[in-house]
Amino acid sequence: MTIRQDIIDKLGLGLSIEHLEVINESHKHNVPEGAESHFKVVIVSSAFEGKKLVARHRLLNGILAKTLSTHIHALALHTMTKEEWSISQEAPASPPCLGGGARR
């Protein structure tokens, strides 16, 4: 099973989902071809109703804890309610990779 599919499966079991995109963005980074280490998740769920952004992210981090600790280097989360999604129906573009070697 791919890491992407693992993310999809775990989120699907943990939440009622209206919309889900799990995008492997590893190719935008300095990693070997075919790597699965950098992901963007766009998720719309009623589970986010009344929750602030931090609580939404904590919820997903809890569901994905094992995968995050063993396989994923970077995870961009875009968490929305159905109402929020109806306004834009897209997540912001990911910023370009800075190379990963420089400390700031």
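SER26 falls short on exactly one of the conditions (1) in contact (Cβ under 8 Å) with a residue 24 or more places away in the chain; (2) touching an Asp or Glu at 6+ places or on another chain (Cβ under 7 Å), and that condition is (1).
To keep it simple, each residue is scored yes or no on (1) out of contact with any helix residue (DSSP H, G or I) (no Cβ under 6 Å at 6 or more places or on another chain); (2) not in a loop (DSSP other than H, G, I, E, B).
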{"position": "GLU21", "(1), (2)": "yes, yes"}
{"position": "ALA47", "(1), (2)": "yes, yes"}
{"position": "LYS51", "(1), (2)": "yes, no"}
{"position": "VAL54", "(1), (2)": "yes, yes"}
{"position": "GLY62", "(1), (2)": "yes, yes"}
{"position": "THR67", "(1), (2)": "no, yes"}
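Listed by first and then second residue, the pairs with beta-carbon distance under 6 Å, at least 6 apart or on different chains, first residue in the range 79-104 and modelled with pLDDT under 80, second surrounded by 10 or more Cβ atoms within 10 Å (Cβ to Cβ) and among the hydrophobic types (A, V, I, L, M, F, W, C), are SER94/ALA76.
For residues that are in a loop (DSSP other than H, G, I, E, B) and surrounded by 13 or more Cβ atoms within 10 Å (Cβ to Cβ), tally how many sit in the range 23-45. Walk me through how you get there before you give the answer.
From the range 23-45, those in a loop (DSSP other than H, G, I, E, B) are 25, 29-37; that's our starting set.
Checking the rest, the ones that are also surrounded by 13 or more Cβ atoms within 10 Å (Cβ to Cβ) come to 25, 29, 31, 35-37.
Residues meeting the conditions: 6.
Among the residues making up the range 1-19, those that are assigned to a helix (DSSP H, G or I) and open to solvent by less than 50 Å² (accessible area, probe 1.4 Å) are ILE3, ASP6, ILE7, ILE8, LEU11, GLY12, GLY14. The residue of the range 7-30 that is farthest from THR79 (Cα to Cα), among those that are at pLDDT 95 or above and among the acidic types (Asp, Glu), is ASP9.
Go through the range 46-56 and give me each residue that's under 15 Å from the mean Cα position of the chain (by Cα) and open to solvent by 50 Å² or more (accessible area, probe 1.4 Å). Spell out the reasoning first.
Quick first cut of the range 46-56, residues under 15 Å from the mean Cα position of the chain (by Cα) only: 48, 53-56.
If the condition is that a residue be under 15 Å from the mean Cα position of the chain (by Cα) and open to solvent by 50 Å² or more (accessible area, probe 1.4 Å), then LEU53, VAL54 are the ones that fit.
The values are calculated or read from the model by the stated rules, or taken from the named source; none is laboratory data. These figures come from a predicted structure and were not determined experimentally. No Cβ is skipped: glycine too gets one built from the backbone with ideal geometry, and neighbour counts run over all protein chains shown. Ligands, DNA and RNA are excluded from the accessible area calculation, which covers all protein heavy atoms including side chains. Shrake-Rupley method; radii C 1.70, N 1.55, O 1.52, S 1.80 Å.
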